[in-house]
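First the structure, in the form of structure tokens, and then the observations on it.
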Amino acid sequence: MQNANLKKYFFPITIISTIVLTIGLLLLAFNLGDSDFSNSKLIIPEILEYKEEAGIKKYEIDVNKTNYEFVEGVASKTYGFSGEILGPTIRFDKGDKVEIKVNNNLDEKTTTHWHGALLPDHADGGVHNIIPAGEEWVAKFEIVQEAATLWYHPHQHEETARQVYNGLGGMIIIDDENSKDLELPDQYGVDDFPIIIQSKNLDDNGKLRPYKIGHHEEVHGLEGNTVMINAQIDPYIDAQTNLIRLRVLNASNSDLYEISLSNSDEFYVIASDGGFYEKPIKVSELEISTGKRFEILLNIEDLNEDIWLNVNNEPELEIRKAKDIEDKYKIPNTLNEINEYLYGGQIDFEIIMEFLRGPRQSMLYGINGKLFDMNRIDLEVPAESVQYWKISNEVGGGSPFHPFHIHATQFQIVEFNGESPNELMQGYHDTIFLRPNDEAILAVPFHPVVKGVYMYHCHILEHEDAGMMGQFEVR
Ligand code: C2O
Ligand code: CU
Ligand code: CU
């Protein structure tokens, strides 16, 4: 009897346990985010169209409150520029005169900042260029800088971190004669890919958790539990040419990412924040802090298998090699001509990032002993000058790093911890990553179009919102 009963129940029990186990394993794979296969093709943000009128390229973007599915079938409340999440890629050519109209359809105020662009303060989109809910703002400027990958994001003081977390951010690509002459992959979305890396907090169902910060986030910034590429989890790209180009942007609230390839192969870094390096730099890993961009070239020809782009040693973007690889591009020996600023030892401005003890809060990060004040100018800078800024992270004691960003300039690092900058620190940057006790001297040039009030700040958005920011006026 007992035996017969056992047999009767054994089969259904086996099936049920198999199902439960499979679901469990699937959930586990999803939560760990490192499944070894990818089934959705990377979504490429579309290129923003423009109308040309009287020699001016006119663009328009909407700031939307919307929904997006990070996981199929699970809608999350998000913000997006002219879409459900992130935003279209904006392309400019050096010399263009542009007008970008931004319609704020949110029910809160925002600003739209063109990170890395050299422009007058009325067009910068910093904390003073507020667009009230339901209103519009037009940024008018001229593209005076060389080919580079920049980006745009909100800069509403005290709300930046949440607005970015909710989904706002997009890429800007500038071309010039040099970038067009180089035989680099330049077919957008085909062999030249925008790679926007972020992390966000998803719940067990794959729904975006509302933005919330506690003590950990105040100290380190928000580090999400899920890494995404162009707001997608584990996507893939098809590589069809001998070289592919990835424009890597770290648009996360705070994360520091280390980029590598799953087969440990070397790759080439060809551009930093503000444009091409003089020569390609061969690396096997690349550190990128929030706010920064690097353009990299991957050699596809030599691959025997599909590989992954790893972010902090986790596979996040699969690179599938096509059967027929088109031999189309080559790695140039020279990418750019960079006139280095000769450093004579002077310091025009010193910036110290440090702890502040607030009256109620136990600690905050400040700059030169102060928290941000919109009505205070911390430094006056003569127009069209090159300034030498010394920046040190004196927070110390195993506490966080700070990626330091300056608006409306592409600076050169002339000294890092008393030594000349390494290869990756050469070239043009608008954000520099400083670990505790690091110290850098920067040559900060101000282009003639740069006039007015701008910000410098830590690009950990929670630090910035809490006041780790200052202002300079170019006049
Ligand atoms: Cu990426 Cu002040 O900004
Ligand atoms: Cu900026
Ligand atoms: Cu910081």
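Tabulated values for the structure
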{"read-out": "Spans of helices (runs of 4 or more DSSP H) in segment 114-213 with at least 2 residues within 16 Å of ligand 2 (Cβ to nearest atom) and touching a Pro at 6+ places or on another chain (Cβ under 7 Å)", "value": "160-165"}
{"read-out": "Residue match in segment 342-351 (condition: open to solvent by 30 Å² or more (accessible area, probe 1.4 Å), in contact (Cβ under 8 Å) with a residue 60 or more places away in the chain and in a loop (DSSP other than H, G, I, E, B))", "value": "yes"}
{"read-out": "Identity of the residue in segment 171-219, of a type in the set (D, E) and free of Cβ contacts under 8 Å to residues at least 12 places away in the same chain, that ends up surrounded by the most Cβ atoms within 10 Å (Cβ to Cβ)", "value": "D203"}
{"read-out": "Residue in segment 220-254 that is modelled with the lowest pLDDT, counting only those that are open to solvent by 20 Å² or more (accessible area, probe 1.4 Å) and within 16 Å of ligand 3 (Cβ to nearest atom)", "value": "H220"}
{"read-out": "Boolean, I351 is of a type in the set (V, I, T) and within 14 Å of ligand 3 (Cβ to nearest atom)", "value": "yes"}
{"read-out": "Lone unmet requirement of (1) within 23 Å of the chain's Cα centre (by Cα); (2) of a type outside the set (S, T, N, Q); (3) modelled with pLDDT under 95 for E394", "value": "(1)"}
{"read-out": "Selected residue [within 15 Å of ligand 3 (Cβ to nearest atom) and modelled with pLDDT of 95 or more] from E462, E439", "value": "E462"}
{"read-out": "Verdict on R209 being charged (D, E, K, R), more than 16 Å from ligand 3 (Cβ to nearest atom) and closer than 13 Å to Y79 by Cα", "value": "no"}
{"read-out": "Residue within segment 455-468 that is in contact (Cβ under 8 Å) with a residue 60 or more places away in the chain, small (G, A, S), open to solvent by less than 10 Å² (accessible area, probe 1.4 Å) and within 15 Å of ligand 2 (Cβ to nearest atom) present", "value": "no"}
{"read-out": "Residue among E146, E142, E159 that is open to solvent by 10 Å² or more (accessible area, probe 1.4 Å), in contact (Cβ under 8 Å) with a residue 60 or more places away in the chain and under 26 Å from A231 (Cβ atoms)", "value": "E159"}
{"read-out": "Count of segment 370-427 residues which are outside any strand (DSSP E or B), within 16 Å of ligand 3 (Cβ to nearest atom), within 17 Å of I351 (Cβ to Cβ) and open to solvent by 40 Å² or more (accessible area, probe 1.4 Å)", "value": "3"}
{"read-out": "Residue under evaluation F355, criteria (1) modelled with pLDDT of 95 or more; (2) out of contact with any strand residue (DSSP E or B) (no Cβ under 6 Å at 6 or more places or on another chain); (3) part of a strand (DSSP E or B), criterion not met", "value": "(1)"}
{"read-out": "Count of segment 381-439 residues which are within 16 Å of ligand 1 (Cβ to nearest atom) and either without any contact (Cβ under 8 Å) to a residue 24 or more places away in the chain or acidic (D, E) (or both)", "value": "1"}
{"read-out": "Residue satisfying condition, being crowded, with 18+ Cβ neighbours inside 10 Å, under 21 Å from the mean Cα position of the chain (by Cα) and hydrophobic (A, V, I, L, M, F, W, C), within set I47, I90", "value": "I90"}
{"read-out": "Complete set of residues in segment 322-339 that are surrounded by 11 or more Cβ atoms within 10 Å (Cβ to Cβ) and either of a type in the set (F, W, Y) or outside any strand (DSSP E or B) (or both)", "value": "K328, Y329, K330, I331, P332, T334, L335, N336, I338"}
{"read-out": "Candidate set: segment 104-139, residues that are open to solvent by 10 Å² or more (accessible area, probe 1.4 Å) and within 15 Å of ligand 1 (Cβ to nearest atom); chosen: the one nearest to the chain's Cα centre (by Cα)", "value": "L118"}
{"read-out": "Selection count where residues are under 18 Å from N368 (Cβ atoms) and of a type in the set (D, E, K, R), scope segment 388-429", "value": "2"}
{"read-out": "Test: residue in segment 446-459 that is within 16 Å of ligand 1 (Cβ to nearest atom) and touching a Cys at 6+ places or on another chain (Cβ under 6 Å)", "value": "no"}
{"read-out": "Some residue of segment 80-102 being closer than 21 Å to T290 by Cβ, part of a loop (DSSP other than H, G, I, E, B), touching a residue at least 60 places away in the same chain (Cβ under 8 Å) and not small (G, A, S)", "value": "yes"}
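The values are calculated or read from the model by the stated rules, or taken from the named source; none is laboratory data. All figures in this text were calculated on a predicted structure; none of them were measured in a lab. Don't worry about glycine lacking a Cβ; one is built from the backbone with ideal geometry, like all the others, and counts go over all protein chains shown. Quick note on the areas: whole protein, heavy atoms, side chains included, nothing else; ligands and nucleic acids left out. Shrake-Rupley method; radii C 1.70, N 1.55, O 1.52, S 1.80 Å.
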